[in-house]
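Beneath this line is the structure, given in C-alpha cells, with notes to follow.
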Amino acid sequence: MSILFSKNFSTGSFVRPQGYTFPTGLTSGVPFSIDYLVVAGGGGGGGEVGGGGGAGGYLTASGVSITSGVGYSVTVGGGGPGVSNSTGTNGNPSVITSVSSTAIGGGGGGSSNGNTQASNGGSGGGMGGFSSLSGGTGTPGQGNNGGGGSAAGPPNYGGGGGGGSASAGQVPPNGSSNGAAGAGTANPLSGSPVTYAAGGIGNRYNIGSSNGTSGSPNTGNGGGGSQTGAAGAGETGGSGGSGVVI
C-alpha cells in the first residue's frame with residue numbers, strides 16, 4: 001500500500017491526500033514490508049545564461065522490511081533557490097531514517113557571469129553558457145551529471161541542462177536555443193505514474209531577459225537557468241522543486 005505525504009512548506013506540516021490510508025490490523029512489533037520512493041529537492045538554476053539545476057537524488061525500493069510500532073523519521077527536502085548572476089543553490093536531502101539511504105539534493109546550475117562552476121549533487125547542475133567547463137557530477141545510483149557549457153561564440157549558445165535521474169544533461173550544440181535537461185523517471189507509487197527528478201534546462205544569451213522556470217513542487221525537478229540579453233541584467237534562475245517521500 002502506498003501512502004503519500006506532501007510537505008506544506010508554509011506551515012511545516014505534512015499532508016496526506018484524500019484516499020491514502022494507513023494499514024489497519026497491525027500488531028505492534030510485527031515486521032512487514034513496504035515499497036518506497038525518496039526524492040530530494042532539485043537544485044536551483046543559474047543566473048545570466050544559466051545552466052539548469054540538477055534533479056534531486058532519486059531512490060526507490062520494494063519489499064523493504066520495517067516493524068510496526070517503531071517510529072521512523074521522514075525528511076522531505078526543499079528545492080534550492082535560483083539566483084541572479086551566479087551558481088544556483090543546491091537542493092536539500094530527503095530520507096526515511098533507518099530505512100532508506102539519504103537522497104542527495106540536486107546541484108545548482110552554473111552561470112556565465114564570472115564563469116561560476118555548476119555544483120555536484122544527486123544529479124549535477126548544468127554549466128552556464130560561454131564556457132567550456134563541465135557540468136556538476138551526479139551521485140551514482142541517484143542521478144547523473146549535468147551538461148557542460150557552450151564555448152563563447154554566436155549569441156544564442158545555451159547553458160548545459162541539469163542531469164536528470166534517467167539520463168545526463170546535454171551540452172548544447174552550436175546555434176541551439178538551450179541545453180537539454182536530463183530526463184526524469186516515471187514512478188506509480190503516488191497512485192498513477194508521475195515523472196520525478198528531471199533536470200532543469202540551460203538557457204541562452206538572447207535579446208531580452210527572463211527568469212528561469214521553477215521545478216514543480218514534490219517532484220525533485222531542477223530549476224531552469226535564466227536567459228539574458230545584457231551582462232549583469234539581474235535575471236534569476238528558477239528554483240528547484242521540493243522533494244517527496246512515498
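Testing SER62 on (1) open to solvent by less than 20 Å² (accessible area, probe 1.4 Å); (2) modelled with pLDDT under 95; (3) outside any loop (DSSP other than H, G, I, E, B), one condition comes back false. Which one is that?
Every condition holds for SER62 apart from (1).
Tell me which residues, restricted to the stretch 80-95, are open to solvent by less than 30 Å² (accessible area, probe 1.4 Å) and in a strand (DSSP E or B).
SER94, VAL95
Take the residues in the stretch 96-107 that are in contact with a Ser or Thr (Cβ under 6 Å, 6 or more places away or on another chain) and touching a residue at least 60 places away in the same chain (Cβ under 8 Å); name whichever of them is most open to solvent (accessible area, probe 1.4 Å). It would help to see each step written out before you state the result.
Looking only at the stretch 96-107, we keep the residues that are in contact with a Ser or Thr (Cβ under 6 Å, 6 or more places away or on another chain), and these are 97, 103-104, 106-107.
From what's left, touching a residue at least 60 places away in the same chain (Cβ under 8 Å): 103-104, 106-107.
Values: ALA103: 0, ILE104: 71, GLY106: 0, GLY107: 0 Å².
Residue satisfying both the conditions and the ranking: ILE104.
Going by what's in this entry, would THR27 be described as touching a Gly at 6+ places or on another chain (Cβ under 9 Å), modelled with pLDDT under 95, surrounded by fewer than 17 Cβ atoms within 10 Å (Cβ to Cβ) and among the β-branched types (Val, Ile, Thr)?
yes
Within the stretch 69-80, is even one residue of a type in the set (A, V, I, L, M) and more than 15 Å from the chain's Cα centre (by Cα)?
Checked against the condition, which is being of a type in the set (A, V, I, L, M) and more than 15 Å from the chain's Cα centre (by Cα), the stretch 69-80 yields at least one hit.
Do you know which residues across the stretch 100-143 are under 13 Å from the mean Cα position of the chain (by Cα), of a type in the set (A, V, I, L, M) and outside any strand (DSSP E or B)?
Residue satisfying the conditions is ILE104 alone.
It is to be established whether one or more residues within the stretch 49-56 are at pLDDT 80 or above, in contact with a helix residue (DSSP H, G or I) (Cβ under 9 Å, 6 or more places away or on another chain) and surrounded by 24 or more Cβ atoms within 10 Å (Cβ to Cβ).
Yes, the stretch 49-56 contains at least one residue that is at pLDDT 80 or above, in contact with a helix residue (DSSP H, G or I) (Cβ under 9 Å, 6 or more places away or on another chain) and surrounded by 24 or more Cβ atoms within 10 Å (Cβ to Cβ).
Being modelled with pLDDT of 75 or more, on the phi < 0 side of the Ramachandran plot and part of a loop (DSSP other than H, G, I, E, B) narrows it down to one residue among GLY199, GLY169; which is it?
Details: GLY169 fails: modelled with pLDDT of 75 or more.
None of the others qualify; the one that does is GLY199.
Starting from the stretch 108-135, take each residue that is farther than 17 Å from GLY182 by Cβ and open to solvent by 10 Å² or more (accessible area, probe 1.4 Å) and list its partners that are hydrophobic (A, V, I, L, M, F, W, C) and modelled with pLDDT of 85 or more, counting only C-beta distances under 8 angstrom and pairs at least six apart or across chains.
Within 8 Å, the pairs are GLN117/MET127; LEU133/ALA118; LEU133/MET127.
Answer yes or no as to whether GLY77 is open to solvent by less than 10 Å² (accessible area, probe 1.4 Å), in a loop (DSSP other than H, G, I, E, B) and over 26 Å from THR228 (Cβ atoms).
The answer is yes for GLY77.
Consider SER84 carefully, then state whether it is more than 12 Å from the chain's Cα centre (by Cα) and at pLDDT below 90.
Here the answer is yes, as SER84 does meet what is asked.
Are there any pairs with C-beta distances below 6 angstrom linking a residue in the stretch 71-86 that is more than 20 Å from GLY215 (Cβ to Cβ) and in contact (Cβ under 8 Å) with a residue 40 or more places away in the chain to a residue that is open to solvent by less than 60 Å² (accessible area, probe 1.4 Å) and part of a loop (DSSP other than H, G, I, E, B), with the two at least 6 apart or on different chains, and if so which?
The qualifying pairs are ASN85/GLY47; ASN85/GLU48.
The values are calculated or read from the model by the stated rules, or taken from the named source; none is laboratory data. All values derive from a computational prediction rather than experimental measurement. Note: ideal-geometry Cβ built from the backbone for every residue, glycine included; neighbour counts use all protein chains shown. These area figures cover heavy atoms from the full protein model, side chains too; ligands, DNA and RNA do not enter into them. Shrake-Rupley method; radii C 1.70, N 1.55, O 1.52, S 1.80 Å.
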